[in-house]
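The values are calculated or read from the model by the stated rules, or taken from the named source; none is laboratory data. Values in this document were obtained by computation on a predicted structure and should not be read as measured data. With ideal geometry, Cβ positions are generated from the backbone for all residues, glycine too; neighbour counts draw on all protein chains shown. Protein only, heavy atoms only, side chains kept; ligands, DNA and RNA dropped before computing areas. Shrake-Rupley method; radii C 1.70, N 1.55, O 1.52, S 1.80 Å.
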Amino acid sequence: MTVILGIESSCDETAAAIIMNGKLLANVVVEQEVHKKWGGVVPELASRAHQQNIVPVIDQTLALAGIKANDIDGVAFTRGPGLLGSLLVGASFAKAFALALGKPLLEVNHMQAHILSHFIEDSIKRDRPEFPFLCLTVSGGHTQLVRVDDFKTFSIIGQTIDDAAGETFDKTAKILGLPYPGGPLVDKLAKEGNSKAFKFPIAQIPGMDFSFSGLKTAILYFVRDELKKDSTFLEKQMANICASVQYTIVKTLLDRVEMAMKQTGINQIALAGGVSANTELRASIQELGKKNNWSVFIPPIEYCTDNAAMIAMNGYLKFLENNFVGQNIAPSARLQL
Ligand code: KG4
Ligand code: ZN
């Protein structure tokens with residue numbers, strides 16, 4: 001029996017999970033409310049909240065899994081990328097816990113973990129991608145199109161040269177005066193709107209990379225100019241703006257996916273990261289998949305946004321290979337895929 005504890009603290013969720021023999025037993029995520037009033041994640045406040053949350057979150061996870069600390073065989077933690085102060089809390093806890101238990105320590109790359117969230121096993125049976133597949137990882141800080149050849153071989157074939165897709169959703173929400181995190185709210189409001197109401201630019205950059213900063217600026221100027229003409233513009237057009245922006249972000253992403261699928265000849269596409277919770281992205285990629293005869297893999301929402309089940313999963317795979325790290329390991333804010 002192999003029991004792995006996974007710890008995630010890269011941004012503003014404090015999370016822990018237990019995987020036993022590859023199967024998920026408990027998955028706890030605590031979101032930090034403190035950032036709401038600032039309209040974005042404040043790194044220093046995130047570190048402090050992790051420090052307060054980490055012990056109760058781990059206690060709760062062990063209780064839910066019916067596991068005692070001594071039953072744990074390995075402790076996996078997010079090494080990066082992420083906010084350094086936040087990563088330090090999870091890493092320090094993991095090191096201390098592993099040392100106290102006399103059990104091995106496993107470091108996990110957050111972006112690899114998002115991709116491997118497709119292999120989390122719980123009580124529901126789902127289809128999994130087979131190697132090789134392409135994965136569109138879209139989160140608050142990253143937008144990457146990745147070729148996955150096995151559990152350890154990842155190659156980036158396209159990525160954002162400026163803002164991430166999630167960041168674009170969040171900044172749009174901010175321009176519209178909506179609270180943080182804006183992505184889910186834009187998604188919700190877009191359901192009532194017309195996606196063709198306004199036309200926003202789709203960045204035309206060469207190759208397979210993405211760019212979103214022009215779109216963000218276009219939205220900002222557009223809203224500012226319209227508000228000058230009519231101060232009630234936002235109230236009247238909120239849903240239409242959300243739907244039009246969402247349409248543009250999804251189209252920017254899927255144009256590149258289509259190009260990459262053609263170029264690589266791979267016919268399996270997976271989504272990962274917080275933005276894969278987006279209703280329009282999920283529906284559109286399914287539609288595109290049907291049209292092109294691809295197999296499309298979308299994780300359940302709880303495995304799309306930041307969680308520790310994916311960290312424990314990745315840690316479990318490393319445990320099977322005796323791929324441990326020592327106590328001198330340090331987190332890294334800019335860890336590459
Ligand atoms: O992967 P994630 O939980 O954290 C990072 O590693 O960044 O992604 C968070 C991002 C945020 O930008 C959030 O606004 C976005 O995912 N997001 C969404 C939706 N749910 C979360 N964006 C659009 N539509 C959603 N339904
Ligand atoms: Zn993430």
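Quick notes
- With a Förster radius of 35 Å applied to the C-beta separation of Val55 and Ile124, the computed FRET efficiency comes to 0.70.
- Of Met310, Met111, Met208, the one that fluctuates the most in a GNM where the chain has Cα springs shorter than 10 Å: Met208
- Among residues other than Ala308 with Cβ under 10 Å from its Cβ, the summed charge is -3 (Lys and Arg +1, Asp and Glu -1).
- All Cα-Cα separations within the chain were binned at 20 Å from zero, giving a P(r) of 32, 55, 13, 0, each value a whole percent of the pairs.
- Placing a pseudo-label 7 Å from each Cα along the Cα-to-Cβ vector at Leu320 and Lys228 gives an inter-label distance of 6.1 nm.
- Simple spin-label estimate for Ala96 and Ala197 in nanometres, 7 Å along Cα-Cβ: 5.0
- When the alpha-carbon atoms of segment 1-154 are used, the pair Rg, Dmax equals 15.8, 45 angstrom.
- Approximate spin-label separation Gln263-Ile156, in nm, with each point projected 7 Å along Cα-to-Cβ: 1.4
- Accessible surface, per residue, of the chain when the full set of protein chains is kept, probe 1.4 Å, Å²: 44
- Cα long-axis angle, helix 279-292 against the chain (0 to 90 degrees, to the nearest 10): 90
- DSSP beta bridge pairing in the chain, given as percent antiparallel to the nearest 5: 60
- Only protein heavy atoms count here; under a 1.4 Å probe, Lys291 has an accessible surface of about 150 Å².
- Neighbours of Lys229 by Cβ distance under 15 Å: Lys/Arg scored +1, Asp/Glu scored -1, total -1.
- Only helices enter the 222 nm calculation for the chain: every DSSP H run of n ≥ 4 contributes -39,500 (n - 2.57), and dividing by all residues gives -14000 deg cm²/dmol, rounded to 500.
- Positive minus negative residues near Leu281 (Lys, Arg vs Asp, Glu; Cβ under 12 Å): -1
- Peptides 133-141, 229-237, 41-49 ranked from most to least packed give 133-141, 41-49, 229-237, packing being the mean of other C-beta atoms within 10 angstrom over each peptide's residues.
- Förster radius 56 Å - calculated FRET efficiency between Lys68 and Leu220, Cβ distance, rounded to 0.05: 0.60
- Taking a ≥ b ≥ c as the square roots of the eigenvalues of the Cα gyration tensor, segment 133-299 is prolate, since a/c reaches 1.5 or more and a/b is larger than b/c.
- The stretch between Ser213 and Ala283 holds 22.7 nm of extra length on full extension. This uses 0.36 nm per residue minus the Cα-Cα distance.
- Within the accessible area of the chain (1.4 Å probe), percent carbon and sulfur: 52
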